């Protein structure tokens, strides 16, 4: 199977790429390689997949030096002309769109980036899927779409009409846009609402990376909402297992009487993909402290604008439909991340 994966210099995209290649798929990767966070981490992921920094040139398709079934192109999804050219030449079977401008807090100060990447870029993906007969588009949504919802666990049958950040609004927009294309053009689409993904090669703007770096350097960590936070932290390998099962199983649509906000008579579906087990932020920090062997200096702060105090994923439909079951504990996942961090940045515990 030939699959386009956007965001392969990113965290989840990098791990998904490795999984697909290991099982024998042919993959073309796309990433714009922006500098939203430490670009050396992105170059590190690319290098590990056989794409060398010195070979990068915008719009140029590069063959991996270590994976015969992998090619990579640096490209903005907003670049409709070059994106269409790629679809026309490569003739993909399926697409997994993970490329997006990430981050809730960053959307408060840089809203334009979210419109261009997450709205315009996603529209271009949909148009290419329409015109080049893609068999299934799986794409990243976010748990952020639940916004002001108070009832937990968050269910895909819940109404999500009250986002509290532009990032969340852009992801909900993606779901609406995907449904429209599924309905009008019979394109199977599946949205994946990710819940706080963590693990090796993780994003430097995420809590685990920030906390680990600060504790190792003897600096204080910012603990929002005075530590009264819960997150459905999900290890990246568990996320990727779920993503692959989704890619392999395009939705077919349901009868009108069985419709709810997560499905449609069109070939459209939305899943939560999380650990189904929220963890208190202070317990998460304690697990990092235990692994590193140092107590964190904590700077207790109020809840940030656009943030929510708790997330909790109901993944019952993913379990029922695709036999999904996350397996990695917080302690095991944090240990793996810290070991990677120490090795990548050449620091000592």
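The values are calculated or read from the model by the stated rules, or taken from the named source; none is laboratory data. Bear in mind the structure is a predicted one, so any value in this text is a computation, not a measurement. Counting neighbours? That spans all protein chains shown, and the Cβs are built from the backbone with ideal geometry, glycine included.
When region 186-205 is limited to residues that are in a loop (DSSP other than H, G, I, E, B) and either without any contact (Cβ under 8 Å) to a residue 40 or more places away in the chain or within 11 Å of the chain's Cα centre (by Cα) (or both), the one that is surrounded by the most Cβ atoms within 10 Å (Cβ to Cβ) turns out to be 195. What number of residues within region 295-329 satisfy the criterion of being under 24 Å from residue 15 (Cα atoms), assigned to a loop (DSSP other than H, G, I, E, B) and in contact with a helix residue (DSSP H, G or I) (Cβ under 7 Å, 6 or more places away or on another chain)? So the count comes out to 6.
Looking across region 12-52 at every residue that is touching a residue at least 60 places away in the same chain (Cβ under 8 Å), in a helix (DSSP H, G or I) and in contact with a strand residue (DSSP E or B) (Cβ under 7 Å, 6 or more places away or on another chain), the one that is farthest from residue 346 (Cα to Cα) is identified as 20. Checking each residue in region 56-79 for being in contact with a strand residue (DSSP E or B) (Cβ under 6 Å, 6 or more places away or on another chain), farther than 20 Å from residue 3 by Cβ and loosely packed, with under 14 Cβ neighbours inside 10 Å picks out only 58. The numbered conditions (1) at pLDDT below 95; (2) surrounded by 15 or more Cβ atoms within 10 Å (Cβ to Cβ); (3) over 24 Å from residue 1 (Cβ atoms) are all true for residue 291 except (1).
Just give me the residues in region 80-118 being surrounded by fewer than 17 Cβ atoms within 10 Å (Cβ to Cβ), in contact with a helix residue (DSSP H, G or I) (Cβ under 8 Å, 6 or more places away or on another chain) and modelled with pLDDT of 95 or more, in sequence order. Matches in region 80-118: 80, 84. Go through the residues of region 107-117 one by one and say whether even a single one is touching a residue at least 40 places away in the same chain (Cβ under 8 Å) and outside any helix (DSSP H, G or I). There is no residue in region 107-117 that is touching a residue at least 40 places away in the same chain (Cβ under 8 Å) and outside any helix (DSSP H, G or I).
Filtering region 211-266 to residues that are in a loop (DSSP other than H, G, I, E, B), buried (at least 22 other Cβ atoms within 10 Å of the Cβ) and either over 21 Å from the mean Cα position of the chain (by Cα) or without any contact (Cβ under 8 Å) to a residue 60 or more places away in the chain (or both) leaves only 266. So, residue 126, is that one part of a helix (DSSP H, G or I) and without any contact (Cβ under 8 Å) to a residue 12 or more places away in the chain or not? No: the conditions fail for residue 126.
For region 87-105, a residue qualifies if it is within 24 Å of residue 175 (Cα to Cα) and in a helix (DSSP H, G or I), and exactly one does: 87. Within the set 286, 332, the sole residue that is without any contact (Cβ under 8 Å) to a residue 12 or more places away in the chain, farther than 26 Å from residue 168 by Cβ and in a helix (DSSP H, G or I) turns out to be 286.
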